[in-house]
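Laboratory data are not the source of any read-out in this text; all were calculated from the coordinates shown. Keep in mind that what you see is a predicted model, and the values were worked out from it rather than measured. Heads up, the Cβs are rebuilt from the backbone with ideal geometry, glycines too, and the neighbour counts pull from every protein chain shown.
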Amino acid sequence: MAQPGDVVITTRELYDEVRAVHDEVKGVRNELKHTVGPTLSDHEARIRALERKVWAAAGAAAVLGGGVVQGLHSILGG
């Protein structure tokens, strides 16, 4: 069926290439894990600390806002 000049790739050759790419990706993943891992952990910790501060500020703003409304209500005689 193959004509002169055609390229025939067997399933074995395809499988071998897929395995080779898989092994390379695995190596890159491990390298990135060691290189980026500590930085990623540091960023996660910083984001968590920032989120805690934001939620604390939002809670304080809600409490203060409620207090201001109550105070104005009392002063204005509502």
Signed unit charges on C-beta, dipole axis of the chain, positive-most listed residue 77, 54, 15:
77
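Note the full-extension length gain between residue 74 and residue 51 as 0.36 nm times their separation in residues minus their Cα-Cα distance, in nm to one decimal.
Working: separation 23, 0.36 × 23 = 8.28 nm, distance 3.47 nm.
The span from residue 74 to residue 51 would gain 4.8 nm if fully extended.
For residue 10 and residue 40, compute 0.36 nm times the residue count separating them, minus their Cα-Cα distance, and round to one decimal in nm.
Working: separation 30, 0.36 × 30 = 10.80 nm, distance 4.23 nm.
Gain on extension, residue 10 to residue 40, equals 6.6 nm.
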Ratio of Rg to Rh for segment 18-77, alpha carbon only, Kirkwood?
1.57
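Given only helices, namely DSSP H runs of n ≥ 4 each adding -39500 (n - 2.57), what is the per-residue ellipticity at 222 nm of the chain, to the nearest 500 deg cm²/dmol?
Numbers: 1 runs with 66 residues, N = 78.
Dividing the helical sum by the residues of the chain leaves -32000 deg cm²/dmol.
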